[in-house]
Every structure is written in C-alpha cells, then in structure tokens.
C-alpha cells in the first residue's frame, strides 16, 4: 500500500510539473501577397511557392497564414497589424511590391518582427533592423544590362517606363549605372493602364538611340516594344526583370522576340552551366513547382518567394536549436539575428550572405541575361 501511495504521489508530482511547463508553440509565419488587384499575377507566384513549404521545421509544426493585400499599401498595413497583434506571428514573408513592402516595413520594425520582403525594398537606415529581402536590387539588375549594352557597342540609350515608383526606381538605376558609359538621349513615361504609347515612342524613335530600355513590368511592358517595332525601330530592346511571365510572352507575341533582360537564374535553371552555383537548387525547385502547377509554371517571382522562405527556414531552425520558444519576442529576435548571420545560402534564384550592413546580401554573379526566342526564355549569358 505504501509503495502504491508513493507511486501515485510521484505520478501526481510529474503531472503537476508538466502542467507548469509552457506549452509547445507552433512556428507561425505570416505571408502577405497581392492576390487581387493590379499585381495579382505576382501574388499568385508567391502563393505557388509557399504552397510548397513543409509542415515542420526541426520537429516543430509550421503554420502559414496567407493574407491578400489587394495591391494596396493600406490593406498591407492592416494585414501585418492583424498578423502581429492577433496571430502572434514569428516572422513575415512578402509582399510583392515596393509600395506595400515599405508600408509593412515600418510596422515590422516598430513591432520587432523579422520580415523578408519579396519586393526589392531598399532596406537601409532605420528600417534595416528587422527587414530583409530576397530580391536583388534594381541597381544590380540594371548594371547587368548596361554592361551588355556597352559590350555590344551602344553609346546611347532611350528610356520609356512606368510613371510610378517602379519606373522611377529603374530610371534612377539606369542613370547611375550608365553614368560615363552611355548617353540617355530620351526619357519617356506612361501609366500602367494607358491604352497607347504612340506619342512617347515617336519621341524615342526621333532621338535615334542605339538601344532602348523599357522600365516596366508585367504585360503592360509589352506595349512599348510592340509600338517601337511597329514604328520601325531596329535596335536592341532591353526589358526589366519585372516581365518574366508567360502572359508577357503571350501579349507581346512576335514583337518581343529578341528582347534582352536580366533575371534570377531559376527562370532558365536547366539551361545554366553546371558551374552555376544555383543550378542544382533551381532545377529541383522547378521540378517540384511544375509537378504541382503544370509545365512552364515557373517564374523568378516564385523563385524569390521560395528564397525568402529559405532565409526564414534556416534562421528558424537555428533559433529552435538554441531552445528559444516560438511565439515569444525572444524567438522573433533570435530569428532576426540568425537571418543577419546567413552566409553563402544557395537559393533557387541566387546566393545570399547577409550582414549587419547589407540585409539583401544577394551575390550579383548569380544574375544571368536571357532573351526571347521562339516565344520562350533562352539563356543568353
């Protein structure tokens, strides 16, 4: 009887001790993407990528909460406040546009929640603390095509781009990277929803640039190239990395044949030389993505979203190894600190080495040039 009493007492003591321990918490990640609105095509790529996220990290369950910002900064802020205040997320992934990313970054920084942006947000100054990104900067991408322009013998360039923050970002990048190398002989702007660019193209053609750079994205980027060809322009036309979708090829048709643009390597993963650092990871990602979504469903946007996840996954695994409890401020800080120590992480779209002074850490040598040939993306160099 005494033995039985001691066993019951011991069992009761163990139960009380276990009840006193904090309950294991899931790792919760908030994802904000433009699933509706003008940037819905980009948000769809993020959705495809995060649908591939595994259900556990280091034995801990992973919960993803995906919210639509409707391509609107105000909605993005509402989403991020809900994710942090109500859902108690450990980290944030997304969004797709600079405007929504900038709005989210202020909240993430104030609330001390690590965020990996898929948009090429300028993560500098006060925002640098908790905000990172997986997308290379516009300067890196535009530098790649400026180098090609110069190598091809061009001395002058005409620019036509969106009359918004994206167009402005690309124009500034062109101005900086072309300084002392190329003369910008024409600068024209147009709206994303404009039905025509005839007037702007006539001015570009009249300036007789050796090459033209179209600073736009998505299907609206096809219109200037179509019009340039209709007006008899024979020079090489460069597009930005914001056009890499099947819809751009469909809308542009024969007019976009020969277009040259810089991209993250996942778009042409199988065409990469074996020496390219991301080939193995890129091919594996493309195979899984296309098995789930069909042939030719790849995009650099999906790749950038997946690489954002890889940055978070690696950091979260490290924080868990340090025995920090998910769902706490300490865990969020541990994830932030781990992201900032990322070194040589090979993703699908690039190689990342994050430092306190560089929260993008994208190795520019991963960027490749592609061209449109037979309505397909082809590796150029």
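The values are calculated or read from the model by the stated rules, or taken from the named source; none is laboratory data. Because the structure is predicted, anything quoted here is derived from the model rather than measured. All Cβ positions, glycine included, derive from the backbone under ideal geometry; neighbour counts span all protein chains shown.
Give the residue, chosen from 197, 113, that is in contact with a helix residue (DSSP H, G or I) (Cβ under 6 Å, 6 or more places away or on another chain), in contact (Cβ under 8 Å) with a residue 12 or more places away in the chain and either surrounded by fewer than 21 Cβ atoms within 10 Å (Cβ to Cβ) or over 15 Å from residue 215 (Cα atoms) (or both). One residue alone meets the criteria, 113. Filtered by the rule that a residue be touching a helix residue (DSSP H, G or I) at 6+ places or on another chain (Cβ under 6 Å), without any contact (Cβ under 8 Å) to a residue 60 or more places away in the chain and either under 21 Å from residue 222 (Cα atoms) or surrounded by fewer than 14 Cβ atoms within 10 Å (Cβ to Cβ) (or both), region 166-183 gives 173, 174, 181.
Only one of the numbered conditions (1) in contact (Cβ under 8 Å) with a residue 40 or more places away in the chain; (2) surrounded by fewer than 22 Cβ atoms within 10 Å (Cβ to Cβ); (3) in contact with a strand residue (DSSP E or B) (Cβ under 8 Å, 6 or more places away or on another chain) is violated by residue 314, and that is (1). Hey, among the residues in region 260-289 that are in a loop (DSSP other than H, G, I, E, B) and touching a helix residue (DSSP H, G or I) at 6+ places or on another chain (Cβ under 8 Å), which one's nearest to residue 210 (Cα to Cα)? In this case the residue turns out to be 264.
Does region 125-135 contain at least one residue that is assigned to a helix (DSSP H, G or I), surrounded by 21 or more Cβ atoms within 10 Å (Cβ to Cβ), touching a strand residue (DSSP E or B) at 6+ places or on another chain (Cβ under 6 Å) and modelled with pLDDT of 95 or more? Quick ask: steps written out before the conclusion?
Start the filter on region 125-135 by keeping residues that are assigned to a helix (DSSP H, G or I), which leaves 125-129.
Pick out the ones that are also surrounded by 21 or more Cβ atoms within 10 Å (Cβ to Cβ) and you get none.
Within region 125-135, none of the residues are assigned to a helix (DSSP H, G or I), surrounded by 21 or more Cβ atoms within 10 Å (Cβ to Cβ), touching a strand residue (DSSP E or B) at 6+ places or on another chain (Cβ under 6 Å) and modelled with pLDDT of 95 or more.
If you go through region 202-242 and keep only what is over 25 Å from residue 151 (Cβ atoms), within 30 Å of the chain's Cα centre (by Cα) and modelled with pLDDT of 95 or more, you end up with 222, 223, 226, 227.
With respect to the conditions (1) in a helix (DSSP H, G or I); (2) surrounded by fewer than 20 Cβ atoms within 10 Å (Cβ to Cβ), residue 323 falls short on a single one, namely (1). The set of residues in region 246-259 being more than 23 Å from residue 210 (Cα to Cα) and surrounded by 22 or more Cβ atoms within 10 Å (Cβ to Cβ) consists of 248 alone. Looking only at residues in region 342-373 that are under 16 Å from the mean Cα position of the chain (by Cα) and assigned to a helix (DSSP H, G or I), the one that is surrounded by the fewest Cβ atoms within 10 Å (Cβ to Cβ) is 364.
Filtering 81, 144, 133, 128 for residues that are in contact with a helix residue (DSSP H, G or I) (Cβ under 9 Å, 6 or more places away or on another chain) and free of Cβ contacts under 8 Å to residues at least 40 places away in the same chain leaves a single hit, 81. The set of residues in region 227-258 that are without any contact (Cβ under 8 Å) to a residue 40 or more places away in the chain, in contact with a strand residue (DSSP E or B) (Cβ under 7 Å, 6 or more places away or on another chain) and part of a helix (DSSP H, G or I) comprises 228, 243.
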